[in-house]
Amino acid sequence: MNSNNQILGTKLTRQYEQLRTLLKEGIVLATEVKASDETAETLRERLRKLECAALFVIVGEVKAGKSSFINALFHEEICEVDAIPCTATIQELVYGEERRRTQIANKWERLFLPFEILKTITVVDTPGTNSIIKEHQPITENYLPQCDVAVFVLSAKNPHTATAWDLLDHIRKEWMHRVVFVLQQADLTTKAELDKNIEMVRNNARQRSIAEPKIFPVSATREQQGSSDSGYAEFRAFLRTSLETGEVWQIKFDGGCNVLRQVLASILGDLRQAEGQINNDLQLVKNLENIVEIRKQKIDGLRRLVIDSLLGTYDGLTSRLAGDFRSGLEVGTVLRRSLPFVRDKTIKDWLHQIEKDFKDSSSTRIEEEAKQCSGQLEAEINALINELNLEISHHRNSAGVMKPGLVDGKQNVMNDLADGLSRDRLRQSLEAGLPENLALEGNILGGGGLVVIGAAVALLTQIAIFDITGGVLAATGAALIAITLLWKRSSIISDMEKKLELGKEDFKQTISAHIENLFSRLFHEIDHNILTAKERLNKSLSLLQPNLQKAENMQTSVRNLRGEDMWTDWEFFRNQTFFISQLAPLVSHSKRHKHRGYISVAIAIQQTNRRLREAGKKVLRVRAW
């Protein structure tokens with residue numbers, strides 16, 4: 001169809017298509033961000049009101065040429081010409097891929113037809129004013145308030161039919177300006193007859209409060225023949241102008257844009273709030289990471305001090321053990337235990353007693369010294385946990401309330417983080433880091449908070465020292481039983497002292513590994529919880545940001561569709577120019593007083609001012625156009 005045959009102008013078609021696309025995208029976005037059901041339904045309702053860009057109501061007597069008029073207007077065989085109406089039915093002609101009918105009400109149906117023009121224009125075809133005059137409500141109440149144009153098709157040869165004019169009496173005055181008159185079959189009249197009938201229609205219309213009636217004589221036959229004087233070109237030009245400037249389209253357009261703006265503003269507000277809260281949560285995670293890193297360095301230093309202190313404890317205890325062993329190997333004692341018939345029993349008993357006495361006397365000392373040397377370490381761990389929990393508590397108290405469901409699981413992230421870094425959870429992690437043979441010692445680790453480190457270090461130290469000394473005593477005892485002691489006393493004592501010294505390195509490695517494992521489990525638990533929260537928050541942010549970008553792009557599209565950018569740009573230029581103009585006196589002052597420090601700035605301001613004015617003039621020209 002060439003431009004002269006187009007019903008909808010380019011501007012209206014573009015607005016219609018873009019607005020429908022934006023509404024559809026808005027519905028998808030509202031669903032994705034889990035907006036309220038009311039929000040999505042509001043957009044759907046607005047989209048339903050835009051099922052067509054234009055609504056035409058065609059009214060006229062039977063045989064007045066309505067069907068021929070519609071077909072010639074759209075250049076499509078939409079209506080059956082010369083068909084004998086079997087019922088007086090109002091038909092709403094809409095687009096459908098297949099021809100079908102649905103009943104709207106009694107004598108009122110919707111007919112789906114596979115014509116492209118019906119994708120943008122809905123036509124309401126009435127069976128004839130003589131048929132509907134008694135039941136005019138569907139036309140006067142349902143269609144006329146929403147229609148863009150109500151076309152009264154009259155016979156150019158005889159436009160005096162009473163029923164057509166009687167229907168006008170039922171139309172409210174505020175809708176009269178939508179009524180236009182078409183004198184169909186103008187080719188069957190002479191010019192004089194046509195002029196006379198046009199004047200008659202004009203007078204009848206004015207009597208019914210239509211001050212400036214719009215009358216178009218047309219000929220469907222001439223239009224189909226391609227004649228330029230068919231009158232359809234003038235009618236289509238009128239339709240294009242009236243549709244684009246008419247109140248009905250403007251109401252639809254403004255209503256759709258306003259609903260979109262309100263919905264997008266609400267969604268953007270929620271999304272930006274969610275983005276801000278997620279970023280705040282990520283900042284919390286970063287703060288927690290910094291706290292852990294600083295505390296970890298200090299704890300590592302304290303851990304090394306604890307190990308050095310425990311090595312001193314080992315030296316003291318093993319030195320005392322060696323002294324007791326040396327005393328037990330005095331010459332008289334050795335001779336008594338060397339008699340063949342009692343030697344084996346008395347040596348075993350003696351060694352067992354030495355080991356028992358050593359454990360009994362050492363246990364309390366180990367516990368006291370271990371707890372004392374690990375006191376600072378324990379305090380630092382407690383300080384770390386306190387600081388982490390306090391940071392989380394302050395953050396949760398200051399955080400705003402996010403709209404439920406906007407970001408899946410976001411609230412659970414903070415709850416899980418707080419739970420994962422709680423005292424009880426970290427205490428369990430510390431206990432899980434103890435060797436399996438300490439599992440039965442759970443009661444020893446009792447107490448509130450994290451007061452388990454000293455007890456744990458004491459137990460680990462005790463086990464390590466007793467394992468090493470017990471092994472040395474067992475090996476030495478075997479030598480005592482196997483050889484004659486009188487001549488080997490010095491070498492046995494020296495050998496035992498060497499074994500205890502070598503055991504010191506084993507003790508260091510053992511206790512270092514145990515304590516390292518203890519704190520590795522603790523920091524692994526802390527780092528794991530923080531990292532998990534960070535990953536979940538970043539995932540939430542990555543899911544949110546595309547919708548945020550989509551909403552911002554849609555908001556820009558709505559502004560562009562309404563032509564708001566030029567006004568926005570003009571306001572920007574006007575405000576910037578005003579600001580620069582306030583600085584202008586500084587330029588003159590700087591030059592007059594030769595303030596060199598300001599001259600370069602002043603020159604830059606002048607240049608910016610000139611550029612802004614030139615840009616503003618361009619915007620004004622576009623705006624005026």
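Please work out if Thr346 is at pLDDT below 70 and of a type in the set (S, T, N, Q). Against the criterion (at pLDDT below 70 and of a type in the set (S, T, N, Q)), Thr346 qualifies.
Exactly one residue out of Lys173, Lys191 is open to solvent by 50 Å² or more (accessible area, probe 1.4 Å) and modelled with pLDDT of 85 or more: that is Lys191. Among the residues of the stretch 141-164, the one identified as charged (D, E, K, R), over 13 Å from Gln185 (Cβ atoms) and modelled with pLDDT of 75 or more is Asp148.
Count of the stretch 32-56 residues, restricted to those that are open to solvent by 30 Å² or more (accessible area, probe 1.4 Å), under 19 Å from Thr21 (Cβ atoms) and not in a helix (DSSP H, G or I), is 2. A count restricted to the stretch 235-278 and to residues that are over 30 Å from Arg396 (Cα atoms) and under 15 Å from the mean Cα position of the chain (by Cα) stands at 0.
Every test in (1) open to solvent by less than 10 Å² (accessible area, probe 1.4 Å); (2) outside any helix (DSSP H, G or I); (3) farther than 23 Å from Ala64 by Cβ is passed by Leu271 save one, and that test is (2). The lone criterion from (1) over 22 Å from Tyr16 (Cβ atoms); (2) assigned to a helix (DSSP H, G or I); (3) open to solvent by less than 40 Å² (accessible area, probe 1.4 Å) left unmet by Phe216 is number (2). The number of residues in the stretch 57-73 being open to solvent by 10 Å² or more (accessible area, probe 1.4 Å) and closer than 20 Å to Trp165 by Cα comes to 6. Cβ-Cβ distances below 6 Å connect the following pairs, each with a first residue in the stretch 117-136 that is farther than 16 Å from Val62 by Cα, a second residue that is modelled with pLDDT of 80 or more and of a type outside the set (Val, Ile, Thr), and a separation of six or more residues or different chains: Ile117/Phe74; Ile117/Glu76; Leu118/Tyr95; Lys119/Tyr95; Thr122/Leu55; Val123/Phe56; Val123/Leu93. With respect to the conditions (1) touching a residue at least 24 places away in the same chain (Cβ under 8 Å); (2) out of contact with any Asp or Glu (no Cβ under 6 Å at 6 or more places or on another chain); (3) more than 26 Å from Thr120 (Cβ to Cβ), Asn203 lacks only one, and its number is (1).
The values are calculated or read from the model by the stated rules, or taken from the named source; none is laboratory data. Given the structure is predicted, the values throughout are model-derived calculations rather than measurements. FYI the Cβ positions are ideal-geometry reconstructions off the backbone, even for glycines, and counts take in every protein chain you see. The accessibility values were calculated without ligands, DNA or RNA, using every heavy atom of the protein model including side chains. Shrake-Rupley method; radii C 1.70, N 1.55, O 1.52, S 1.80 Å.
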